Amino acid sequence: MEAYREYRNDVIGNGKDYARFVDDFIFGHQFYAAANVDEGNARSVNIHKIDTLLRERKDLVEKFFSSSTFGPSDFIAMLNDFDKGLPATETTAGDKRPNFECVLSDTQAAAIASIANDLNIFREKVSGKDMANLFSPLPDIRLCSSNNRKLAVLFDALAEDNLINRDWQKVIAATGIITSSANTPLTQSKISSALSEARADDSAAFNAIRKRVHEIAEKQ
C-alpha cells in the first residue's frame, strides 16, 4: 500500500524516473528494528518479494498502481498474478479477454464521465480518459463503485442504447476492473441483484442516468 502511494505521488504526480523510484523505495525500507528473529525474517522475505515485483514486473505495477483506487483486494490480486508469473494482459490460449466491445468517441467518454461524477457513481471523480480506458479492449484501470445500483443502471442504460455490449455484467465480473461499494469483488450475482433493486425503484437519480445516456446515444 505504501509503494502504491509513493508511486502515485512520485512517478505519476512528479514524473520521477521509475528505476529511481524503485531504488529509493527499497533502500528506504531495508532496515527495520524487529522484535525477534522470526519477525525480522518475515520482514526480509516481504521486502525481497516487493523488490523483485517492482524491478521485474513493471507491467503489473503499471496495471494496478495506475488505478485511482488500490485496496486490499487489489493488492492480493497483484500478488497472485506475480506469484503465478502471469503477464498483466495474459489471456488463455484460444480465449479472448472479455471486454465491452465498443468504440467510444472522446466526446462520449467525457459525457459518461460527467454522468458518473454528477451522480456519484464511482468513489472518486473520473475523467473522459478514465472512461475511455475503462471501456477499451485492454483496460488498465481499476475503479471502486460508490453505489452499486447506480453503477448497474449506468451500464444497463449504455447496453440498452447499444453503446456497449449486452454482456457487460460478465465483463465487469471477469476482469475485476470495478470493485463494489464495499471494496470487494463485484460478482455477476451482486450486479444482477443491484440492477433488479434499481429497476424496482423509480428513483429520480436512476431516471436521470438513463435519460442522459440516451442523449449520448442520440448524438452519435
In this structure, does Phe27 turn out to be modelled with pLDDT of 80 or more, in contact with a Lys or Arg (Cβ under 7 Å, 6 or more places away or on another chain) and either loosely packed, with under 12 Cβ neighbours inside 10 Å or under 26 Å from Ile172 (Cβ atoms) (or both)? no
Anything in segment 118-176 that is in contact with a strand residue (DSSP E or B) (Cβ under 6 Å, 6 or more places away or on another chain) and of a type in the set (Val, Ile, Thr)? List them, or say none. Ile172
Here is a check on your reading of the model: is Ser196 more than 23 Å from Leu138 (Cα to Cα) and either surrounded by fewer than 17 Cβ atoms within 10 Å (Cβ to Cβ) or not basic (Lys, Arg) (or both)? yes
Across segment 84-112, the tally of residues that are at pLDDT 80 or above, part of a helix (DSSP H, G or I) and of a type outside the set (A, V, I, L, M) stands at 3
Taking Ile209, is it more than 23 Å from the chain's Cα centre (by Cα) and either crowded, with 18+ Cβ neighbours inside 10 Å or closer than 18 Å to Ile141 by Cβ (or both)? no
Residue selected from segment 167-206 under the condition basic (Lys, Arg) and under 23 Å from the mean Cα position of the chain (by Cα), by the criterion farthest from Asp156 (Cα to Cα): Lys190
Any residue at all in segment 184-196 that's in contact with a strand residue (DSSP E or B) (Cβ under 7 Å, 6 or more places away or on another chain) and modelled with pLDDT under 95? yes
I'd like the residue in segment 127-145 that is in a loop (DSSP other than H, G, I, E, B) and either surrounded by 23 or more Cβ atoms within 10 Å (Cβ to Cβ) or at pLDDT below 95 (or both) and, out of all such residues, is nearest to the chain's Cα centre (by Cα). Arg142
Does Lys211 satisfy being of a type in the set (Lys, Arg), in contact with a Pro (Cβ under 8 Å, 6 or more places away or on another chain) and closer than 24 Å to Ala132 by Cβ? no
Just to verify a result, which residue in segment 177-218, among those that are part of a loop (DSSP other than H, G, I, E, B) and touching a Ser or Thr at 6+ places or on another chain (Cβ under 8 Å), is nearest to Ser146 (Cα to Cα)? Ser181
Would you check if Ser180 is surrounded by fewer than 16 Cβ atoms within 10 Å (Cβ to Cβ) and not assigned by TED's automatic domain parsing to the domain that holds Ile12? no
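The values are calculated or read from the model by the stated rules, or taken from the named source; none is laboratory data. This is a predicted model, so every value here is computed, not measured. Methodologically, a virtual Cβ is constructed for each residue, glycine included, from the backbone with ideal geometry; neighbour enumeration extends over all protein chains shown.
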